[in-house]
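Just below is one structure, and these are the notes that go with it.
Every number here is computed from the coordinates shown, using simple stated rules; none is lab data. Everything numeric here is computed off the predicted structure, so don't read it as measured data. Cβ placement follows ideal geometry from the backbone for every residue including glycine, while neighbour counts extend to all protein chains displayed.
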């Protein structure tokens, strides 16, 4: 069954009432996306635990969810973001994105030359994203890797849509410059 916004709203309404089957379907549709989002922030065995914690918090907090204010996917990513923030507060570590491009470039290639070029692009992108300041990196990951709209990102980050657009534009500009500088170095 196609996972449309209408389907998501219907499932979210059932989930708020305690329907475990509805929650299970929401989980099945969004768990991989939440996993990728958290993976870009944290790598290692903790990622799966944090995904589980995100959905556990969603289940426990279902009474505070308001379908009129946001979609379930926006709400769950806000929870994921807060789980990551709490994790870093407890770990006092910095974000490592060394393998971020693996997810971006996971499609199959036709030739060894293309594979080599793609691998170099992945490495450059990974290094460039590591060098990008966090506000820009987070917006770029949400916008281009997780395919969220500006309005949804603004809601998740508690910013205006205009400021998200500006940060996205500036982040892409900085990312492009970093990539250009890396090509000169590599």
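Sorting 152, 48 by the number of Cβ atoms found within 10 Å of their own Cβ, with the fewest placed first, yields 48, 152. Set the Förster distance to 30 Å, then compute FRET efficiency between residue 32 and residue 163 from the Cβ-Cβ distance, nearest 0.05. Computed FRET efficiency for residue 32 and residue 163: 0.55. Residue order for 7, 137, fewest other beta carbons within 10 angstrom first, comes to 7, 137. Between residue 147 and residue 60, the simple spin-label model (points 7 angstrom out along Cα→Cβ) gives 3.2 nm. For the pair residue 179 and residue 2 in one chain, pulling the backbone fully straight at 0.36 nm per residue adds 60.0 nm over the alpha carbon distance.
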